[in-house]
Structures are given as structure tokens and as C-alpha cells.
Amino acid sequence: MALPDLDELIAEVDRTCATAHRPGGQEQPDWLALLTTAAGLAGRLQSLADDLVEDYVEHCRMHGCSWTDIGAALGVTRQAVQQRFHAPHKRYGPETMSDALRAAMAHVKQAAVAHRNNYIGTEHLLWGLTVEENSATRLLESAGVSPRDVHRGVGERLTLGASQAAERIAWTPYSRKAIALAEARSEQNGSAVIDCDDLLLGLAQVGRGVAATVLTEAGFAPAADVPAAAPPQP
């Protein structure tokens, strides 16, 4: 994968800055506006880079690497890497999920294992949510989006890896953000458990990752305050 070089990034800033060029054909562009746009782009790139490193740090810890070894790999001290990455991520056990979401999570892990992926990405979560009918598929249908099309679209983006791990698979930063958003929504709705529609909205609200891309392409872009999906009719 070729990374963008400086010229490409400068061209992107120039292209996306709405006030880069002053009206009337004046020669001098709005340099402060360009600087603001460049800083925003740099921030997004740094956030993406941080997420990438964090994901691999978690895998190293999960597979027994010491903080000393991780620090050495990153060129920093053990203390520095612990301060940056040691905050434990909240774990979501079965007791925090509805019956339907637990069933979906079984499909999520099956998708990761079948594709030999050593991580749970947003694509696996969306794939698992759309295997069977649940509050997530009903929410998609209420928005005029076909769950079957979403399932097919995300399935086309699942790639075959080389991992043999099947028992302990780390969640990516975007996946963790999605379920944290889902938990917050379930609490706002007065529920003691996270349901499928909560996680679907969490994936959409993260705004990045395969799932967000598939949902956007399908036309699903709900507001944060979308009400809970109606239960199925008897």
C-alpha cells in the first residue's frame, strides 16, 4: 500500500479548503484557512496512526509480550508505553447483552475465525448483526435499507488472513468505540443490556471503518437520537 507523500497531502488540503483561494482572482490564498485545514487533516492521520499502533499493542499483550519488549519495539521506555496504553479496555460479557445480541456475537466470532482474522473489526460486527432477524435488521428496514444487501456488501469486504487463533481475538479500536456508543445508547433508553440496534447505531456513529462505509453506501445514516427499533409483531 502506497502512503501519500507530502505533495499529495498538500494537494488534498488545497482541494478541500473551502476558502483557500480568495475571490476576485487575487494571487495570495487564505493561508490561515489552509493552515486550519492542514491541521485538521494531520489530526485525522495521527488519530488513524494511533489506532493502528494501539491495535497491535493489544495483540502483543494478549499473546504474552511484556511491556518492556513492547516499549523496546516502539523505541520508548517501559514506563512510557505503559502510561500510554496500560488503561484497561472495558470487557463486555454475555450478561451485558440481550439474547439476540449474544446470538449475533456468535456469528461475529465465526466470521473472524472462518476468515482467519486475528481481530474483531467493525466488518465482523456488522456481518454478525445481519445474519438473522433482530432489532438491528428491523432498524435497517425502517430506514429503507435492505439487511440482506448490507450483509452481502460487508461479506464482500471480509478478507482472508493467516491467523490460526480462535479463542482470544482482540477487538479493534473502532469496534470498541462502537460498542461503547451502543452501551451509552442502551443506558439512555433505560435498558440494562445492549441490543442489536444499539450496536448498529454505534457502528454508524463511529464514522470510520468498514461497517460505517458499508452503511453509508447503503444509505443508512441515522441521527444519534434514533429511537429503539420496534419489537417484531406476534
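In segment 163-198, the qualifying residues are those that are open to solvent by 80 Å² or more (accessible area, probe 1.4 Å) and at pLDDT below 90, and the one that is farthest from Ala106 (Cα to Cα) is Gln164. Do you know which of the residues in segment 68-117 that are of a type in the set (D, E, K, R) and over 25 Å from Thr130 (Cα atoms) is nearest to the chain's Cα centre (by Cα)? Out of the qualifying residues, it is Arg84. Specify the residue that is modelled with the lowest pLDDT; the eligible residues are those in segment 6-30 that are surrounded by 12 or more Cβ atoms within 10 Å (Cβ to Cβ) and not in a helix (DSSP H, G or I). This residue is Arg22. Counting the residues of segment 199-224 that are surrounded by 20 or more Cβ atoms within 10 Å (Cβ to Cβ), free of Cβ contacts under 8 Å to residues at least 60 places away in the same chain and not in a helix (DSSP H, G or I) gives 0.
All of Thr37, Thr68, Thr77 fail the test of being open to solvent by less than 70 Å² (accessible area, probe 1.4 Å) and modelled with pLDDT of 85 or more, apart from Thr37. On the stretch given as segment 111-140, residues that are over 16 Å from Val214 (Cβ atoms) and assigned to a helix (DSSP H, G or I) total 5. Inspect segment 109-117 for any residue being surrounded by 15 or more Cβ atoms within 10 Å (Cβ to Cβ), of a type in the set (D, E, K, R) and at pLDDT below 95 and give the result as yes or no. Yes, there is a match, as at least one residue in segment 109-117 is surrounded by 15 or more Cβ atoms within 10 Å (Cβ to Cβ), of a type in the set (D, E, K, R) and at pLDDT below 95. Among residues of segment 60-71 that are touching a residue at least 12 places away in the same chain (Cβ under 8 Å) and over 12 Å from Phe85 (Cα atoms), those with a Cβ under 9 angstrom from a residue that is β-branched (Val, Ile, Thr) and open to solvent by less than 70 Å² (accessible area, probe 1.4 Å), sequence gap 6+ or separate chain, pair up as Met62/Ile169.
Being more than 19 Å from Asp55 (Cα to Cα), modelled with pLDDT under 95 and open to solvent by 30 Å² or more (accessible area, probe 1.4 Å) is the requirement here; does Arg157 meet it? Criteria met by Arg157.
The values are calculated or read from the model by the stated rules, or taken from the named source; none is laboratory data. Here the structure is a predicted model, which means the values were calculated and not measured. As a convention, Cβ positions derive from the backbone with ideal geometry for all residues, glycine included, and neighbour counts pool all protein chains shown. Protein only, heavy atoms only, side chains kept; ligands, DNA and RNA dropped before computing areas. Shrake-Rupley method; radii C 1.70, N 1.55, O 1.52, S 1.80 Å.
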